[in-house]
1. Taking region 139-156 on its own, how many of its residues are crowded, with 20+ Cβ neighbours inside 10 Å and in contact with a helix residue (DSSP H, G or I) (Cβ under 9 Å, 6 or more places away or on another chain)?
2. Do you know which residues across region 222-280 are among the basic types (Lys, Arg) and either under 30 Å from residue 48 (Cα atoms) or out of contact with any helix residue (DSSP H, G or I) (no Cβ under 7 Å at 6 or more places or on another chain) (or both)?
3. Listed residues 215, 132, 206; which is modelled with pLDDT under 90 and out of contact with any strand residue (DSSP E or B) (no Cβ under 6 Å at 6 or more places or on another chain)?
4. Given the condition at pLDDT 95 or above and in contact with a Pro (Cβ under 6 Å, 6 or more places away or on another chain), answer yes or no: does some residue in region 74-83 qualify?
5. Within region 30-135, which helices (runs of 4 or more DSSP H) (wholly inside it) include 3 or more residues that are loosely packed, with under 14 Cβ neighbours inside 10 Å and assigned by TED's automatic domain parsing to the domain that holds residue 238?
6. What pairs come up if the first residue lies in region 1-21 and is under 15 Å from residue 348 (Cβ atoms), the second is acidic (Asp, Glu) and surrounded by fewer than 19 Cβ atoms within 10 Å (Cβ to Cβ), and their beta carbons are under 8 Å apart, counting only those six or more places apart or on different chains?
7. Out of curiosity, is residue 306 touching a residue at least 60 places away in the same chain (Cβ under 8 Å), among the β-branched types (Val, Ile, Thr) and in contact with a Phe, Trp or Tyr (Cβ under 9 Å, 6 or more places away or on another chain)?
Amino acid sequence: MTPDDIVVTGLGLVTPAGLGTDATWRGVLAGVSTAATDPLLAGLPVDISCRVPDFDAVALLGRRLEVRLDRVSKLALLAAREAVADAGLADGSWDAERVAVVVGVGTASFERYETEFARLAAGRPHLISPLAIVRSVPSMVAAEISLDLRARGPSLAVSTACASSTTALGVARDLLRGGACDIAVAGGAEANRTRVPAACFAQMRALSRHCHDPAAASRPFDRDRDGFVLGEGAGLLVLERAADARARRAPVRARLAGYGASCDAHHVAVPEPEGHGAAGALRTALRDAGLSPQDIDHVNAHGTATRENDPAEARALRAVFPRVPPTTSLKGVLGHALGAAGAIEAACTVLTLQHGLIPPTANLDCQDPEIDLDVVRKAPRREPVTAAVSNSFGFGGQNAVVVLTRP
């Protein structure tokens, strides 16, 4: 490891598997879906979701923040606080002007838009909150983290659909490499478990219709998959240059060795069926890391459980890897957290590197024969993983991949 390598020194997770990194890790290792009927979606064609449990914002954040923030920012703050504490920086012992915050979001806060648009449609514009815009624009998630942590370096929002938070990790890596900051709190947050996104995705036929048995709905790589399940959550990672982490004797969890991005330029919503763009991002990330396909021991797949994505991703993997390493998708357990999914999955990939355990893909009962991959299922698999890739793909043909290695 060289002094300029970018390393992960802190993790923070808030997911449907639980509050905190330990709870999330236990949940994904258990391989049991968190999907359930969602009262917020009652009456819609699809009324199931994966939601963060035991989320008492007053107890967790205090009444002032509970009132002022939308749910997406609340999730982000909790994850950011855990990541900073995990990195040994909770005491604020940093040069605040050298701390960046980079957060990926898909669509930010439909929660706020829905509330205010309803007031406008009812002819009551005088009831619209003067803070509605401030609370809902995508950059405010990063801004709220910066405010909470008193981080005064670059504070950025990144939006590349469901690849957003993986893109955020790449952007933060570049800020560190370029000397724009010394510490970056990077990742993503999403809380679009609301009626407009749920109705829209249902109209697109992107959501699973397995509402009679929610726990079996999200089925990545399975022959009988029929769409994803809406999720929510936040994942934040603390990134630093290796020399800086060493100087303050910080524990290093992993190295962010490579990053690659591409665009399919194929369709606004459907992935390019042969996975050419995804394969290009994978190759770029490997080249950036200075690794060959044979060096990779594990793939944390995007694995949405949609008809189109799973086979396209499988083709991309087979195009890059002579032998595709053991692969998993966490969306069978966590659902699809959209713009936050990539960072949550990258954080779990870090944990796989540390513990030598690959979480299973939930609900994979009969693998689609078109998806010729070694998919981990039923139980965690113990493997000596030294290098792994984490894939994220999104609407508009957005592809982003990070390579993570043991330090």
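The values are calculated or read from the model by the stated rules, or taken from the named source; none is laboratory data. Note that this is a predicted model, so its numbers are computed, not measured. Cβ sites come from the backbone with ideal geometry, for glycine too, and all protein chains shown count toward neighbours.
1. Within region 139-156, the first condition is being crowded, with 20+ Cβ neighbours inside 10 Å, and the residues that meet it are 140-142, 144-146, 149, 151, 153, 155-156.
Subsequent filtering for residues that are in contact with a helix residue (DSSP H, G or I) (Cβ under 9 Å, 6 or more places away or on another chain) retains 140-142, 144-145, 149, 151, 153, 155-156.
So the count comes out to 10.
2. 223, 225, 246, 248, 249, 255
3. Working: 215 fails: modelled with pLDDT under 90; 206 fails: modelled with pLDDT under 90.
None of the others qualify; the one that does is 132.
4. Of all residues in region 74-83, those at pLDDT 95 or above come to 74-83.
Next cut, in contact with a Pro (Cβ under 6 Å, 6 or more places away or on another chain) only: none.
Looking for residues that are at pLDDT 95 or above and in contact with a Pro (Cβ under 6 Å, 6 or more places away or on another chain), one finds none in region 74-83, hence no.
5. Working: elements: 57-61, 63-68, 71-86, 110-121.
Because the criterion is at least 3 residues that are loosely packed, with under 14 Cβ neighbours inside 10 Å and assigned by TED's automatic domain parsing to the domain that holds residue 238, the helices (runs of 4 or more DSSP H) in region 30-135 that meet it are 63-68, 110-121.
6. Matching pairs, first to second residue: 18/54.
7. On the way: touching a residue at least 60 places away in the same chain (Cβ under 8 Å): yes; among the β-branched types (Val, Ile, Thr): yes; in contact with a Phe, Trp or Tyr (Cβ under 9 Å, 6 or more places away or on another chain): yes.
Answer is yes for this residue.
Let's see how each residue does on (1) within 20 Å of residue 206 (Cα to Cα); (2) loosely packed, with under 14 Cβ neighbours inside 10 Å; (3) in contact (Cβ under 8 Å) with a residue 24 or more places away in the chain; (4) touching a Cys at 6+ places or on another chain (Cβ under 8 Å):
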{"position": "246", "(1), (2), (3), (4)": "no, no, yes, no"}
{"position": "249", "(1), (2), (3), (4)": "no, yes, no, no"}
{"position": "255", "(1), (2), (3), (4)": "no, no, yes, no"}
{"position": "258", "(1), (2), (3), (4)": "no, no, yes, no"}
{"position": "263", "(1), (2), (3), (4)": "no, no, yes, no"}
{"position": "269", "(1), (2), (3), (4)": "yes, yes, yes, no"}
{"position": "275", "(1), (2), (3), (4)": "yes, no, yes, no"}
{"position": "278", "(1), (2), (3), (4)": "yes, no, yes, no"}
{"position": "281", "(1), (2), (3), (4)": "no, no, yes, no"}
